[in-house]
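Input: a single structure, listed below in structure tokens.
The values are calculated or read from the model by the stated rules, or taken from the named source; none is laboratory data. The structure displayed is predicted, hence computed values, not measured ones. Using ideal geometry, Cβ is built from the backbone for each residue, glycine included, and neighbour counts are taken over all protein chains shown. Keep in mind that these areas ignore ligands, DNA and RNA; they rest on the heavy atoms of the full protein, side chains included. Shrake-Rupley method; radii C 1.70, N 1.55, O 1.52, S 1.80 Å.
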Amino acid sequence: LLDLGHQQPYANEEQKIIPIKMDKLEVLSTEFFTQHHEPVIWRAGMLRSMLEYFFHETAWDPKTNVIIIDFPPGTGDIMLDIRDFVKNPKMLLITTPHPASASVATKAGIAAKKMEQEIIGIIENMSYFQDEESNKKHYIFGKNGGIEAASSLGVELLAQIPIEVPKHHTCLYELTEESGKIYNDIVDYLIFNLDIKK
């Protein structure tokens, strides 16, 4: 997603994993511990071991005040395990407009509430495709899945992100692009509501 390519992290003198750096971000991914283009096919115990490495065996910058964890879809063991590593995790649920996707996001949200984890809000991805010539929106995957999931969970729908190919990068958008503006608004919202220091 960050155009980092497939890299293998190194260890420091204390045998801690050194995260890959991009601008002011430090990144660690299961992708870095597999062969290029190979899927991660691990049982729950192995995933927990990876969390151990990510949290206890990695040389994160000591000034780090936010860690973003991209969970796999669903309500599996990783949601339970994360409580052993993070005191008060806050969840941002991602869905598409499709009812099946919204249902999974809703179940994940219910599970989070049962574990007393705060849900920040919901983001609906791939909400629509906007035809530039006609300026008409095409709802390819259905409509309002994010709204329905947010309503079911009693949380806010933070954004509806259109289907759009980035003009300058593989996955990242510039602020001059519509999706870039939306992502920037999401970040501003999170910084303000979570009281994150820049």
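Here are a few things to note about the model shown:
- The listed residues are 173, 183, and the only one of them that is surrounded by 16 or more Cβ atoms within 10 Å (Cβ to Cβ), in a loop (DSSP other than H, G, I, E, B) and out of contact with any Cys (no Cβ under 6 Å at 6 or more places or on another chain) turns out to be 173.
- Only one entry of 136, 87, 167 meets the criterion of being open to solvent by 90 Å² or more (accessible area, probe 1.4 Å), at pLDDT below 95 and under 26 Å from residue 51 (Cα atoms), and that entry is 87.
- Considering residues of the stretch 112-165 that are in contact with a Leu (Cβ under 9 Å, 6 or more places away or on another chain) and assigned to a loop (DSSP other than H, G, I, E, B) only, the residue nearest to residue 179 (Cα to Cα): 155
- Matching residues in the stretch 87-108 - criterion: being more than 27 Å from residue 141 (Cα to Cα) and under 16 Å from the mean Cα position of the chain (by Cα): 89, 90
- Every listed requirement among (1) assigned to a loop (DSSP other than H, G, I, E, B); (2) within 24 Å of residue 173 (Cα to Cα); (3) in contact with a strand residue (DSSP E or B) (Cβ under 9 Å, 6 or more places away or on another chain); (4) of a type in the set (A, V, I, L, M, F, W, C) is met by residue 32 save one, (1).
- Lone unmet requirement of (1) free of Cβ contacts under 8 Å to residues at least 24 places away in the same chain; (2) out of contact with any strand residue (DSSP E or B) (no Cβ under 9 Å at 6 or more places or on another chain); (3) within 11 Å of residue 96 (Cα to Cα) for residue 147: (2)
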